[in-house]
Amino acid sequence: MSEDESINVMNDAVLKTEEAEYKGQIVQYSKMDDGSNKIVRVISTDPKVYLKKEFQPGKVIKGQIFENR
């Protein structure tokens, strides 16, 4: 597992996540079977970022639009 990958355990299921930059913010996301990506967590010191719908956990992003760190 690389430095940018982590494993989250939710309800006894293992969720593999990666960190990347998305629209100028650092997010953790998981890859889905259909090739899209789901935001799991946003990492920011700016409280306004957490209120933006585009960074909400569960948001599905189609295609490869992340810049891996």
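Derivation of every value follows stated rules applied to the coordinates shown; laboratory data play no part. All of these numbers come straight from a predicted model, not from anything done at the bench. Quick reminder, even Gly has a Cβ in these numbers, built from the backbone with ideal geometry, and neighbours come from all protein chains shown.
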Would you pick out the residues in region 19-59 that are among the hydroxyl-bearing types (Ser, Thr, Tyr) and either in a loop (DSSP other than H, G, I, E, B) or out of contact with any Lys or Arg (no Cβ under 7 Å at 6 or more places or on another chain) (or both)? 22, 36, 44, 45, 50
Across region 37-57, what is the total count of residues that are of a type in the set (Val, Ile, Thr) and surrounded by 13 or more Cβ atoms within 10 Å (Cβ to Cβ)? 4
